[in-house]
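Below: one structure, written as structure tokens.
Nothing in this text is a laboratory measurement; each read-out follows from the coordinates by a stated rule. Computed from a predicted model, the values in this text were never measured in an experiment. Neighbour counts are summed over all protein chains in view; Cβ atoms, including those assigned to glycine, are modelled from backbone coordinates with ideal geometry.
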Amino acid sequence: MKRKYKVLGLLKKINKNSLYSALGTLNSEKKKLSKINHELKQLVDESSFKVGDELSSSQLKNNSHFRENLSEKIEISSNRETHLDKEILGYVGQISKVKKQQEIIKKKIDNDLILKQNEDRKSTRLNSSHR
């Protein structure tokens with residue numbers, strides 16, 4: 001029985017490590033997205049028109065398409081960031097569950113060890129009293 005719990009504990013440890021690894025990947029992706037989003041917003045700000053600038057219709061049209069394209073990319077990256085936040089919360093929840101399961105398994109192993117020690121003491125007392 002004790003061996004079964006040790007194997008189960010080892011599996012939970014492997015599962016927890018893989019969850020931590022995936023969480024790290026998600027966090028680094030989120031940081032990259034945040035940086036990209038910031039840079040895109042800077043581009044939008046830099047591409048704004050100055051008051052009093054004279055522009056041709058083609059310049060106005062090109063700039064408008066450029067800003068529209070940037071706005072779409074900002075929206076996409078914001079949506080992706082929101083999705084990553086949800087995934088990160090899911091992984092944190094899974095890690096929490098695995099930690100609780102590991103605690104339960106450790107308690108079972110400790111209880112089994114205590115029971116075995118008590119049985120060994122009883123058998124030692126019985127053997128010494130029969131002599």
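Going 7 Å from the Cα of D85 in the Cα-to-Cβ direction, what parts of segment 40-66 have a backbone nitrogen less than 20 Å from that spot? It comes to 40-42, nothing else. Helix 57-129 and the long axis of the chain differ in direction by around 10°, with both axes built from C-alpha atoms.
Over the chain, Cα pairs under 8 Å with separation of 6+ residues give a relative contact order of 50 percent.
Spin-label model, Q101 to I14: label points 7 Å out along the Cα-to-beta-carbon direction sit 1.3 nm apart.
Against the longest alpha carbon principal axis of the chain, how many degrees, from 0 to 90 and to the nearest 10, is the axis of helix 2-46 turned? The two axes meet at around 10 degrees.
Write out the trypsin sites (Lys or Arg not before Pro) in segment 14-100 meeting two conditions: DSSP loop, and at most 13 other Cβ atoms within 10 Å of their Cβ.
Details: sites: K16, K30, K31, K32, K35, K41, K50, K61, R67, K73, R80, K86, K97, K99, K100; in loops: K50.
Filter output for segment 14-100: K50.
Result for the chain in a Gaussian network model with C-alpha springs under 10 Å: among G93, G52, G24, the largest mean-square fluctuation is at G52. With springs connecting C-alpha atoms under 10 Å apart, model the chain as a Gaussian network and identify which of Q101, Q59, Q42 has the largest mean-square fluctuation. Maximum among the listed residues: Q59.
With each label modelled as a point 7 angstrom along the Cα→C-beta vector, the K31-Q59 pair spans 4.1 nm.
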